[in-house]
Every structure is written in structure tokens, then in C-alpha cells.
1. Please pick out the residue among E10, E72 that is closer than 21 Å to F127 by Cβ and over 17 Å from the mean Cα position of the chain (by Cα).
2. Taking helices (runs of 4 or more DSSP H) that fall entirely within the range 1-105, which contain at least 3 residues that are at pLDDT below 90 and either over 23 Å from N135 (Cβ atoms) or among the aromatic types (F, W, Y) (or both)?
3. Within the range 87-112, work out how many residues are surrounded by 13 or more Cβ atoms within 10 Å (Cβ to Cβ) and polar (S, T, N, Q).
Amino acid sequence: MSKDSIESIEVEMAVLTRRITMLTAERKKAFDRSAYLLLQALANHGETGVKKLATILQLDISTVSRQAAILEQKQFITKIANPEDKRSYYYQINNNGKRTLHAYKQKRMTFFSELLANWSEKDRENFSELLEKFNKTAHAYYHKKK
């Protein structure tokens, strides 16, 4: 990759970060990004322990525990005792969490549909594939550095 393309990517990533911050600040949210991702993980994986959630979300256990406690307090998730080990527990998204997640996700889908309405399906597919590739590369790079 040439220096010019790296410089362009670096600048465009800074612009993207600013735009995302601007767009999300303008939109009223039911919860923040961390709550959305935690609820999404529970919806996808079902009843899940803190350690597994930390692995899925690539976060420290203490961070996940703190975020989960907030969602439990807001009655989006339920804590379930582990019958095999009374010291541990699982979290499960409850009906209120499912409804809230669904409504929030629908708003996000509508937003992205409107934002990319003038893009061809091929452009959206290419962007999706490249964004996924970028995220996987960033994930691998982060874990290599640890």
C-alpha cells in the first residue's frame, strides 16, 4: 500500500470518527454503544456468563460486569445463578431488553438505509466486506500487541 493511501485512510478514519460522534449525538438513544453490544451478544448467544461475554466483546471482565449491572438495574437483562457453582451466574436478555434492543436496532437500520439510499447494492456490499475485513484486521492486530 502506498504512503498516499495510508495517509488517506488515516485522515478518513479521523473524519469517520468525528461523523459517527456527531450523528450519534444528534440521535436520541435508548442506551449507549456498550449497552447495545452487550444486549446484542446476549440476544445472539443466549444465557451467557460474564467471562464468555468478556471474550465475545473483547473487554475486561470487570468492564462487562459493570455494564451488565447497569443493564440489570434498568431491567434489560436478568441475572441467573449457576446451579453448578453458586459463586457464578449467567446473564440473560429479558423481554424488556429484547423489545428495547429490537426497537433500537430498527432505528439504526432505518438510519443506515436512509444514509446509504443513493449507494448501489454493489457499493454497499463492497463497503460491508471491506469494513468487516478492517474490523477483523484491527481485532487481530490488537490481540497480537497484547
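The values are calculated or read from the model by the stated rules, or taken from the named source; none is laboratory data. Values in this document were obtained by computation on a predicted structure and should not be read as measured data. FYI the Cβ positions are ideal-geometry reconstructions off the backbone, even for glycines, and counts take in every protein chain you see.
1. E10
2. Counting at least 3 such residues, we get 3-26.
3. Within the range 87-112, residues that are surrounded by 13 or more Cβ atoms within 10 Å (Cβ to Cβ) and polar (S, T, N, Q) number 4.
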